[in-house]
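Trainee: Dropping a structure here in structure tokens format, bear with me for questions.
Please treat every number below as a calculation from the coordinates, not as lab data. Since the model is a prediction, treat every value here as computed from it, not as a measurement. A quick note on method: Cβ atoms are made from the backbone with ideal geometry, for glycine too, and the neighbour counts reach across all protein chains shown.
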Amino acid sequence: MTTHAGKERRDRPSAAFAAVRSSLVAFAALVLMLATLAVAAVIAAPPARSQGEDGGRYTGVASCAGSTCHGRMEGDGAVVRQDELMKWQEPSTPGGAHSRAWAVLSNSRSQFIARNLGLKDAATAPMCLGCHSTKGAIDALGAQRGTVPLEDGVGCESCHGPAGGWIASHYAGVGTNADPDRESREKHLANLSAGLRKLEDPVVRAGVCVDCHFGSSGEGQFVTHRIMAAGHPRISFELDLFSSLQAHHQEDDDYGWRKFGAAGGRTDHVQMWAVGQAVALERSLQLFQSKRGTEGMFPEFYFLDCHSCHRRIYDQAKPVKTSMDNVGRNIPEGMPPYNDENLIMLAAAARIAAPGLADQLETRTAAFHRAIMVDRASAVQAAAQLGQTVAALKSAFASRNFSGADAFTLVDAISAKAVGDRLTDYSGSQQAVMGVDTLLNSMVSSGRITVGAAAGIRGDIDRAYAAVKDPNAFKPAEFQASLGSAVRAIRALR
Ligand code: HEC
Ligand code: HEC
Ligand code: HEC
Ligand code: HEC
């Protein structure tokens, strides 16, 4: 991750939008059905893989790409931009990464990885296709779920869900309804029940992204330490930041109506960030408990702090310490700690957004660390307990409104001594700077600070990014100093 968001938030006048007609009775029944489904989803055990779809076939990118659909050259559609295809394909920007996801499996880095792993061809290897194409998702569902060309890479349906059930209806009908806003809302709800994923919901979106941007139990959706050692880039993810980097939509009044049932409805970026942290950690703990948690006689190193092993050794009379003490990880020298990048951010968020759970998070984190030193069975049990707290935090964040003032408080919390002292490892530090970046952007989008003021402290944020650019040059003390100056600059805007 070397990029950061240069977030653009365009605004368009609200467009009149009319759609299929459905009676109010049907609408009420649908709401009831969705509510029942939501309750059922809460009761069911959380899967270590997102499950948005329960039907529908995959149709492929070509079926979305018509010039009257999402393949326009200008983003001037009345309801949605309609140039989503072009944005998804944009060369040389993070926004275009998904369209290239399969193509990169033939580049020289992939050839190197394939050679090291003894694969004939990465471009057809199930081990890679789970995340670098839509095929993985289709195979996981089995049965007759359609076929999609590998060249699509990570296509529209990888995120929006298989379109078989809604492709024909989701654009149909330009009516003359007296209440187009309500009608567009009803239509969106109907699309959701036909299999369109509710990506405006932070929990749903996070589940979709972490399948590939952390890993899942599905075939070919896990980057083991062996794949990393073969040459795969490290996986780094922050939900709100990465969402902005690949965004191909804009939020205006009709978006508000459609997605949230009110003209003023908008994505809550602080909530998106907080839920993203919880979902990533929840997924990590789930997979750690599963068979993904071990590799032969070893624990799977992917779950651990990379740098705790990848350090230099000094075997000499004068001792040289290569790590920095970390009060948040009560782990003896010589044992690799669990990767706690999301845990640190969650600890900061919990104190502010769900204080009732903050102590429990701390206690169970400490218990997990202790259990790792005992044996795998104890570690698995403690991971399950910690996972319950994390799931509760996820729900608490998802049902809470975050305000602009929360963003300031969170920035303070991330840099406060109790949290700052835990930023001794590379991944946690990377996560912290992405968090501060996201929170700053949310202050702009919520109108708490001006675009100009944010631009004025871009340099400070960039210096913090520079401190986590090269994993080998990472110096915790220097990072903490550069993050500190970025945070002071933000604080001054309050
Ligand atoms: C768990 C999902 C997952 C699996 C499995 C996976 N990848 Fe990736 N891969 C990613 C993600 C996510 C990125 C982007 C990382 C980033 O920029 O944050 C990526 C990036 C890459 C890149 C760098 C792309 C570039 O633009 O330079 C290459 C090359 C690559 N993967 C090859 C492979 C190969 C070969 C395999 C199979 C051995 C594989 N990947 C398996 C998720 C995965
Ligand atoms: C990596 C995941 C991902 C991929 C791939 C993707 N999208 Fe999206 N898309 C999103 C997210 C997230 C949003 C914003 C949340 C929302 O409104 O659904 C979005 C929003 C949209 C919207 C606006 C929806 C609205 O109601 O305003 C359209 C239209 C859209 N995408 C079409 C496409 C098309 C067409 C493709 C393929 C060319 C595509 N997307 C590929 C994740 C993705
Ligand atoms: C089916 C797997 C898959 C899903 C689902 C997915 N991604 Fe990705 N994503 C990838 C792969 C693979 C890459 C790397 C492709 C490359 O480098 O060409 C990538 C790259 C990216 C990049 C560019 C990163 C960079 O460093 O340039 C962003 C941003 C991104 N994804 C955001 C998201 C978001 C947000 C979601 C959820 C809405 C999401 N992705 C869902 C597989 C996926
Ligand atoms: C428990 C210790 C441990 C942890 C944690 C660990 N590694 Fe490794 N890593 C190793 C060992 C052992 C090797 C094999 C070295 C050899 O082949 O001589 C290795 C090899 C590698 C290599 C191949 C390069 C080389 O020097 O051989 C890369 C790249 C790598 N690891 C990356 C990572 C990343 C990224 C993480 C974190 C996600 C990580 N490692 C976590 C122990 C670890």
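Trainee: Can you run phi through the Karplus equation (6.51, -1.76, 1.60; θ = phi - 60°) for segment 82-98 and list ³J(HN,Hα) in whole Hz, with x for Gly and Pro?
Mentor: Residue by residue, segment 82-98 yields 6, 10, 4, 4, 5, 5, 5, 9, 3, x, 6, 10, x, x, x, 4, 5 Hz.
Trainee: Can you work out the FRET efficiency for the pair I313 and R182, with r the C-beta to C-beta distance and R0 = 60 Å, to the nearest 0.05?
Mentor: Efficiency at R0 = 60 Å is approximately 0.35.
Trainee: I'd like the Karplus ³J(HN,Hα) series for segment 459-465: coefficients 6.51, -1.76, 1.60, θ = phi - 60°, whole numbers in Hz, and an x wherever there's a Gly or Pro.
Mentor: Per residue, the Karplus-derived 3J(HN,Hα) values read x, 5, 5, 4, 5, 5, 4 Hz.
Trainee: I would also like to ask the following. Note down the Stokes-Einstein diffusion coefficient of the chain in µm²/s, whole number, using a Kirkwood radius over alpha carbon pairs, 37 °C, and 0.692 mPa s.
Mentor: 137 µm²/s
Trainee: Can you work out ³J(HN,Hα) from phi for every residue in segment 294-301, in order, using Karplus 6.51 cos²θ - 1.76 cosθ + 1.60 and θ = phi - 60°, giving whole Hz and x for Gly and Pro?
Mentor: Computed from phi, the couplings for segment 294-301 are 10, 9, x, 7, 9, x, 5, 5 Hz.
Trainee: Under a 5 Å amide H to amide H cut-off, with H placed in plane at 1.01 Å, what residues pair with L304 once short-range neighbours are removed?
Mentor: N339
Trainee: Could you list which residues have their amide H under 5 Å from that of Q82, counting only those 5 or more apart in sequence or on another chain, with H placed in the peptide plane?
Mentor: Correct list: G77.
Trainee: Angle check, please: helix 355-372 long axis (alpha carbons) against the longest principal axis of the chain (alpha carbons), in degrees 0 to 90, nearest 10.
Mentor: Relative to the chain, helix 355-372 is tipped by roughly 50 degrees.
Trainee: To make sure I understand, if each residue's beta carbon is the centre and we count other beta carbons within 10 Å, what order do F242, F479 fall in, fewest to most?
Mentor: Fewest-to-most Cβ neighbours within 10 Å comes out as F242, F479.
Trainee: Considering only P476, S290, G334, whose Cα is most displaced toward the positive end of the charge dipole of the chain, charges sitting on Cβ of Lys, Arg (+1) and Asp, Glu (-1)?
Mentor: Value: G334.
Trainee: What distance in nm lies between label points placed 7 Å from Cα along the C-beta direction at E333 and E151?
Mentor: So the label points at E333 and E151 sit 5.9 nm apart.
Trainee: Over what distance in Å are the Cα centres of segment 459-494 and segment 198-235 separated?
Mentor: With segment 459-494 and segment 198-235 each reduced to a Cα centre, they are spaced 27 Å.
Trainee: Nearest 10 degrees, 0 to 90: what angle lies between the long axis of helix 108-117 and the longest principal axis of the chain (Cα atoms)?
Mentor: On a 0 to 90 degree scale, this one is about 60.
Trainee: Could you sort out which of K87/K198; K291/K469; K198/K291; K187/K259 sit more than 22 Å apart by Cα distance in this structure?
Mentor: Cα-Cα > 22 Å for K291/K469; K198/K291; rest within.
Trainee: Quick one: if you stick a label point 7 Å off each Cα along the C-beta vector at N107 and A366, how many nm between them?
Mentor: 4.6 nm
Trainee: Taking DSSP loops as anything outside H, G, I, E and B, show the longest stretch in the chain free of GluC sites (Glu not before Pro) there with at most 16 other beta carbons within 10 Å.
Mentor: 334-494
Trainee: What's the Cα-based Rg to Rh of segment 285-491, Rh via Kirkwood?
Mentor: Across segment 285-491, the Cα-based Rg/Rh ratio is 0.99.
Trainee: Looking at segment 312-401, which chymotrypsin sites (Phe, Trp or Tyr not before Pro) are in a loop (DSSP not H, G, I, E or B) and have at most 13 other Cβ atoms within 10 Å?
Mentor: Here the sparse-neighbourhood loop sites are Y314.
Trainee: Just how far, in whole angstrom, is segment 241-260 from segment 395-442 if you go by their alpha carbon centroids?
Mentor: Cα centroid of segment 395-442 versus Cα centroid of segment 241-260: 22 Å apart.
Trainee: Relative contact order of the chain: what whole-number percent is it, with Cα pairs under 8 angstrom and at least 6 residues apart?
Mentor: 16 percent
Trainee: Based on DSSP H runs of at least 4 residues, each adding -39500 (n - 2.57), what is the mean residue ellipticity at 222 nm of the chain after dividing by all its residues, to the nearest 500 deg cm²/dmol?
Mentor: -15000 deg cm²/dmol
Trainee: Roughly speaking, what is the stretch gain from R488 to A466, that is 0.36 nm per residue apart minus the C-alpha to C-alpha distance, in nm to one decimal?
Mentor: Taking 0.36 nm per residue and subtracting the Cα distance, the gain is 6.2 nm.
Trainee: Relative to the longest principal axis of the chain, what angle (0 to 90°, nearest 10) does the C-alpha long axis of helix 404-415 take?
Mentor: It is inclined by approximately 20 degrees.
Trainee: Can you give me the long-range amide H partners of T294? Hydrogens built in the peptide plane at 1.01 Å from N, cutoff under 5 Å, separation of 5 or more residues or another chain.
Mentor: Those qualifying (amide H under 5 Å, at least 5 residues apart or on another chain) are E300.
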